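Colleague: Let me give you the structure first, and then I'll get to my questions.
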Amino acid sequence: HQLSVEGAAQESLAWVNRVLFLRPQDARAHVAAARALLRLNQPTQALLEFKVAWRLGDSTSLDEGLLLAAT
């Protein structure tokens, strides 16, 4: 089961990376990248993506980022 979750997260992250390449100002894509990175056990990178999303105007990413930073 863990391998299937990790594989799905890697596929999600690959798709999101393509979207970010085409639309680097898409805040929701940064949130999706952060969530995929969390599933891949990469909390520091996820936190950076939440921060980028917040700076691009996604207010929900602030809550997720702060919760992550608190752990």
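The values are calculated or read from the model by the stated rules, or taken from the named source; none is laboratory data. The shown structure was predicted, so the numbers you read here are calculated from the model rather than taken from an experiment. Here the Cβ is made from the backbone with ideal geometry for all residues, glycine too, and neighbour counts use every protein chain on show. Note: areas computed on protein heavy atoms with side chains; ligands, DNA, RNA excluded. Shrake-Rupley method; radii C 1.70, N 1.55, O 1.52, S 1.80 Å.
Colleague: Can you give me the % of accessible surface on the chain that is carbon or sulfur? Probe 1.4 Å, all protein chains present, nothing else counted.
Modeller: 59 percent
Colleague: What net charge is computed for the residues neighbouring Glu49, neighbours being all others with C-beta under 13 Å from the C-beta of Glu49, Lys and Arg scored +1, Asp and Glu -1?
Modeller: Around Glu49, the surrounding residues sum to +2.
Colleague: Of the candidates Val52, Val31, Val19, which one comes out as most mobile in a Gaussian network treatment of the chain with C-alpha springs shorter than 10 Å?
Modeller: With Cα springs under 10 Å in the chain, the top fluctuation among Val52, Val31, Val19 is at Val19.
Colleague: Here is a follow-up. Among Leu67, Leu40, Ala53, which residue has its Cα furthest toward the positive end of the charge dipole of the chain, with +1 on Lys/Arg Cβ and -1 on Asp/Glu Cβ?
Modeller: My answer, from the dipole projection, is Ala53.
Colleague: Could you work out the relative contact order of the chain? I mean the mean sequence separation of Cα pairs under 8 Å and 6+ apart, divided by the number of residues, in percent.
Modeller: 27 percent
Colleague: Can I ask one more? Quick one: which residues, 5 or more positions from Leu40 or on another chain, have an amide H under 5 Å from its amide H? H modelled 1.01 Å from N in the peptide plane, none for Pro or chain starts.
Modeller: Sorted by chain and number, the residues that satisfy this come to none at all.
Colleague: In Å², what does the accessible area per residue of the chain work out to with a 1.4 Å probe?
Modeller: Value for the chain: 69 Å² per residue.
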